[in-house]
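Encoded as structure tokens, the structure appears first; notes follow it.
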Amino acid sequence: MSAQGLTLQGMPPLALYVHLPWCVRKCPYCDFNSHPLHGELPAEAYVDALLADLDQQLPLVWGRVLHSIFFGGGTPSLFSGAQIERFLDGVRARMSLAPAAEITLEANPGTVEHDHFAAYRAAGVNRVSLGVQSFADAALQQLGRIHGGQEAITAIDRLRQAGFDNFNIDLMYGLPQQDVAAAVDDVQRALAFAPTHVSHYQLTLEPNTLFAHRPPPLPDEDIIASMQEACADHLQAAGLRQYEVSAWSQPQHECRHNLNYWRFGDYLAVGAGAHGKLTLPAEQAIVRYVRQPSPKRYLQAMQSGEWDQSRSCPDARTLVFEFFLNALRLRDGVDLALFQQRTGLAMNWLQQPLDEAQQRGLVWIDGDDLHITDLGWRFLNDLQAIFLPA
Amino acid sequence: MTAHIRNFSIIAHIDHGKSTLADRFIRLCDGLTEREMSEQVLDSMDIERERGITIKSQSVRLNYVADDGQTYQLNLIDTPGHVDFSYEVSRSLSACEGALLVVDAAQGVEAQSVANCYTAVEQGLEVVPVLNKIDLPAADPERVREEIENVIGIDASDALEVSAKTGVGVREVLEAIIRLIPPPGDHSSQPLRALIIDSWFDNYLGVVSLIRVVDGQVRKGDKIKVMSTGQVHQVDQLGVFTPKRRPAEQLNNGEVGYLVASVKDVHGAPVGDTLTLAKGGAEQPLPGFMLMQPRVFSGLFPVSADDYADLRDALEKLRLNDAALQFEPETSDALGFGFRCGFLGMLHLEIVQERLEREYDIDLITTAPTVIYELQLTDGEVIKLENPSAMPPVNKIAEIREPIITANILLPQEFVGAVITLCEQKRGRQIQMRYLGKQVSIVYALPMAEVVLDFFDRLKSVSRGYASFDYQFERYEAGPFVRVDILINGERVDALSLVVHRADAERRGREMAEKMRELIPRQMFDVAIQAAIGSHVIARSNVKALRKNVTAKCYGGDATRKRKLLEKQKEGKKRMKQVGRVEIPQEAFLAALNTSD
């Protein structure tokens, strides 16, 4: 037994998250670990650091197979195909990659040229997530994006010309001054490209962003609810299925990397500010860690060895919460057997919160299957909050 | 030997510079070094500093070397400056032989000072008028002298001109104290009698009492008796405040200081009681204080039921040095277990509420304050109604009577029209109006319920802050009163009921329903709000169901942000009270206070 009191049997699937923190400029709504680029991108040095970071962590995952890799940012498409290739070659040299492993790269329209996409593809990237957000120029400007609607269209065209048939379009709704028709229009324009995946999420004002300090005028919450419903109708009609709160896909094209988060799998993290989570069976422990968020300090870690900003073993109550925070996002509900497998905790940890959730009509339970009711789905925050450690 | 002792208080309106003047005295007498001198040392509670008012009495002993070369012991006993605390003023004054009346030389006399000044004169104190803020360009000492003579009726021709801010004239004030205020009588050969001016609870020492030794002396180690209860304690510590606590071996007659006698029980040292020696003590206690009756009642409930016992302890501790605070257990269907508390007025209520939340860290729900109604029942019985939800059925009530006060309002001439309009709106009846120089004194009979509501704020606003007022309870008067209930999703919420004048009932009902609609956040289902008199619904409103939560993007591997967000939302809900399925925020229980007129 570990200090966390876990009984872990078997290993969850393993993924790798790679954080590339630079952006051309910071968007006013963004609270990710992103840094505006001043001067030359230290791309080669950063790839060296990523690989050194990975070397560091190999002993924790000996023998395990990687099922997916995700390049997130920041704006990963600031890196060239050759740089991405050098990193991926480095990963393959160090670890075994599952056949047909999903390798996603986030890209922003406005930072990618046609040959870039081809080069990413040659490097082994097989899925692209494009941060379109909207096709309306006025909305994009409000969001502080560096691209316009036309550039978004061009980028999707180029993406497809480069041979990517598996791609995601990020769309936001509830934008300043947006109405229901405008939100639907964005969805329709995206659907015209037959994407395999659409991330459709509401603009939120996060703490420590420019928008939080100077909030833009957002639509009324009832209008936003109508937008969501109207957009959902169109997404569904186009053959996409909502498998997660903000994720829609064609059959078999769910984002496997993200599914792994939501099913409480393991993930290695490399790059400035990246978050990792690993199951360590020898210690009967689950460990979470965060890499140095400052790109400068991260690069210096090659010398200093100070890769981590923090590292901790969440206690049982925190594990319960984190498992459900993730798993409840999935439309198909939660397999309760997975809870035991992934957290190593006994089912009695769930007695109280599950009773409350059922009594409030947010879920219903059938054997090991936890189903989320329509009410629970609409009020997911209330449902997730039930699992908060007291 | 009491010839070199002077005990005095300062009577002043808020902002007239009492604390600044007290600070000057302390500086002049080396009570504290510059470094120790934080602004306004006498106001020791956070709330007092923030609001710039004094709530609790404190004392400070100053050793002053006078112009005649002799050293005098000056005991300054601080007094509160708000109408709600006039009771505390009379307590402080009873330990003194004199009082400084500090008046702002620009603003002139204010109603509270008048009331407190009369108390001082009634108690036989020598009142020394002082004109402060003489450095201000708007200062008009001649006019204010005249006002003091006209309004209060004491001779102000020799009133000292002072600027506590710059220090001008401060020494002269101390000289005047020595010259004009009599020393305490010498009763050193009589058996000990000491008046408890104030008591408070210290976590380390237990109960600490501020006392004025009237007869004899008390020494460390003495066995003393609390005369009302006969309880005997041994004196562990004695001392004075300079304003730092400075231990002493004994306190002699005429002196003011503190006493610790390992009294652990908060009821052990009642304010206004007399201490004497256990053996060979005095026969008769000193005249105590008249106990103030609370006039405003409100329910205080812990947000979390677990805090009930803590709330009771906290109220008991507060009550120790706030004898006017009354409380008894109350049970509400909506709010669970709490206390029905009686206060002197709205400020008193707010202060107690804030102290409970800050000093004792208890989240509270306060119900709308109400006055006491007198009910004549059909069977001839007369009862006092402190809680609207406890009103007997209408067919058992012969008559409902509300408390009427006499309000004394002082204001500059140009606001007379506005203030009279306000008083008329508040169902007032004019009793008297007098022109006194540039000021006007208006006396009105007003329903206490209207005063509790928002009269003070409204008075300040219509007079741009210049009007001041003071009031006394006068009598009960019958009228057409009804109880307005608030129903949420069909359920009567007892804590929201209020008694109002029939003519105002519909408007107040509408306002309540509207206010509740604004204050109750949208929930997973519709919330129907109704205001009703008996079974007759007079107003309704509706909080529409929320359609959904925000669908935010997933933060990849980082669970911490979403957790913080959810925790914040949960924290917000914890501060709400669940009535049936509906979550009602704390402020909603005070919605009755927010009226439009």
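The values are calculated or read from the model by the stated rules, or taken from the named source; none is laboratory data. Predicted model only: the values in this text are computed from it and were never measured. Backbone-built Cβ (ideal geometry, glycine too); neighbour counts: all protein chains shown.
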So, A:Ala136, is that one more than 27 Å from A:Leu14 (Cβ to Cβ) and surrounded by fewer than 24 Cβ atoms within 10 Å (Cβ to Cβ) or not? yes
Go through (1) surrounded by fewer than 17 Cβ atoms within 10 Å (Cβ to Cβ); (2) at pLDDT below 95; (3) more than 14 Å from chain B (Cβ to nearest Cβ) one by one and return the number of the condition A:Ser310 breaks. (3)
So, restricting to strands (runs of 3 or more DSSP E) that lie completely within segment B:421-480, which ones have at least 3 residues that are aromatic (Phe, Trp, Tyr) and under 18 Å from the mean Cα position of the chain (by Cα)? B:468-479
Scan of segment A:276-300 for residues that are touching a residue at least 40 places away in the same chain (Cβ under 8 Å) and surrounded by 19 or more Cβ atoms within 10 Å (Cβ to Cβ), ordered by number: A:Gly276, A:Leu278, A:Thr279, A:Ile286, A:Arg291, A:Pro295, A:Tyr298
Enumerate the helices (runs of 4 or more DSSP H) found wholly within segment A:313-390, keeping only those where 1 or more residues are polar (S, T, N, Q) and either within 14 Å of chain B (Cβ to nearest Cβ) or out of contact with any Gly (no Cβ under 9 Å at 6 or more places or on another chain) (or both). A:316-327, A:336-343, A:351-359, A:380-385
What strands (runs of 3 or more DSSP E) completely inside segment B:217-272 contain at least 2 residues that are more than 24 Å from B:Ala3 (Cβ to Cβ) and among the basic types (Lys, Arg)? B:223-226
Does segment A:277-286 include one or more residues that are modelled with pLDDT of 95 or more and facing chain B (nearest Cβ under 10 Å)? yes
Top-ranked residue of segment A:245-275 - restricted to ones that are outside any strand (DSSP E or B) and among the hydroxyl-bearing types (Ser, Thr, Tyr), ranked as surrounded by the most Cβ atoms within 10 Å (Cβ to Cβ): A:Tyr261
Just the residues that are within 12 Å of chain B (Cβ to nearest Cβ) and either part of a helix (DSSP H, G or I) or surrounded by fewer than 18 Cβ atoms within 10 Å (Cβ to Cβ) (or both), please, taken from segment A:180-208. A:Leu205, A:Glu206, A:Pro207, A:Asn208
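Each row is one residue, and each column tells you yes or no for (1) of a type in the set (Phe, Trp, Tyr); (2) touching a strand residue (DSSP E or B) at 6+ places or on another chain (Cβ under 6 Å); (3) assigned to a loop (DSSP other than H, G, I, E, B).
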{"position": "A:Gly10", "(1), (2), (3)": "no, no, yes"}
{"position": "A:His19", "(1), (2), (3)": "no, yes, no"}
{"position": "A:Gly39", "(1), (2), (3)": "no, no, yes"}
{"position": "A:Leu88", "(1), (2), (3)": "no, no, no"}
Do we have any residue at all in segment B:165-183 that's part of a loop (DSSP other than H, G, I, E, B) and in contact with a Pro (Cβ under 7 Å, 6 or more places away or on another chain)? no
For segment B:439-485, enumerate the residues that are of a type in the set (Lys, Arg) and at pLDDT 90 or above. B:Arg475, B:Arg483
Could you run through segment A:287-307 and say how many residues are β-branched (Val, Ile, Thr) and away from every other protein chain (no Cβ under 12 Å)? 1
Confirm whether B:Leu160 is surrounded by 14 or more Cβ atoms within 10 Å (Cβ to Cβ) and in contact with an Asp or Glu (Cβ under 8 Å, 6 or more places away or on another chain). yes
Quick check on segment A:235-244. Is at least one of its residues among the acidic types (Asp, Glu), in contact (Cβ under 8 Å) with a residue 40 or more places away in the chain, touching a Ser or Thr at 6+ places or on another chain (Cβ under 7 Å) and closer than 27 Å to A:Phe32 by Cα? no
I'm checking my understanding of the structure. Among residues of segment A:212-244 that are surrounded by 18 or more Cβ atoms within 10 Å (Cβ to Cβ) and assigned to a loop (DSSP other than H, G, I, E, B), which one is farthest from the other protein chains (Cβ to nearest Cβ)? A:Leu240
State yes or no: is A:Leu143 at pLDDT 95 or above and either in contact with a strand residue (DSSP E or B) (Cβ under 7 Å, 6 or more places away or on another chain) or more than 19 Å from B:Lys553 (Cα to Cα) (or both)? no
Options B:Gly281, B:Gly272, B:Gly268, B:Gly299: the member that is over 28 Å from B:Glu122 (Cα atoms), in contact with a Gly (Cβ under 7 Å, 6 or more places away or on another chain) and of a type outside the set (A, V, I, L, M): B:Gly299
Quick check on segment A:39-59. Is at least one of its residues among the acidic types (Asp, Glu), within 14 Å of another protein chain (Cβ to nearest Cβ) and surrounded by 15 or more Cβ atoms within 10 Å (Cβ to Cβ)? no
Which condition number in (1) more than 30 Å from B:Ser497 (Cβ to Cβ); (2) modelled with pLDDT under 90; (3) surrounded by fewer than 19 Cβ atoms within 10 Å (Cβ to Cβ) is the one that B:Gly221 fails? (2)
